[in-house]
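Computed from the coordinates by the stated procedures, all read-outs in this text should not be read as laboratory data. Since the model is a prediction, treat every value here as computed from it, not as a measurement. Here the Cβ positions follow ideal geometry from the backbone for every residue, glycine too, while neighbour counts run over all protein chains shown.
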Amino acid sequence: MILKRDAYTFPRKQTGGKYMRFCDLTRKEVINVNDCKCLGNVRDLDFDECDGCIKALIVPGPAKWMGCMGREFEVFIPWCRIVKIGPDIILVDIDEKEAKHKVK
């Protein structure tokens, strides 16, 4: 039996579709509407293991010392604080100081 590669993908449109893949999220810039600052791109997700719902987007903070020493913090953006997901950007409404979490 030969399976088509597309047999396991959900039907979706390029823009305005009902479904979005993680790789689609990582291509979008995250912008804070409070100060119009670009926070970066999504690099990870925090999700509830019980029901599988996404709890937060995780955006890495700026790199330490020329990018060689890792990162000092990550920005956790709760899903309820997302204002709009557009074709190129994700608008969020957060207090950046509260959303920063130190990287261990």
Study note, to complete from the structure: Label model pair GLU29, ILE89: point-to-point distance (7 angstrom along the Cα→beta-carbon line) in nm is 0.7
Exercise for review: Give a residue-ordered list of calculated ³J(HN,Hα) values for the stretch 32-37 (Karplus: 6.51 cos²θ - 1.76 cosθ + 1.60, θ = phi - 60°; whole Hz; x for Gly, Pro).
Suggested key: 7, 6, 5, 10, 6, 8
Review point. Once the other residues with Cβ under 14 Å from the Cβ of LYS37 are scored (Lys, Arg +1; Asp, Glu -1), what is the net sum?
Key: -3
**Study point:** Relative packing of 87-93, 75-81, 21-27, which averages over residues the other C-beta atoms within 10 Å, highest first
**Key:** 75-81, 87-93, 21-27
Revision key, fill the gap. Sorted by chain and then number, the residues having a modelled amide H within less than 5 Å of the amide H of LYS28, at least 5 places away or on another chain, are VAL42
**Study point:** Extension gain from GLU96 to TYR19, taking 0.36 nm per residue of separation minus the Cα-Cα distance
**Key:** 24.9 nm
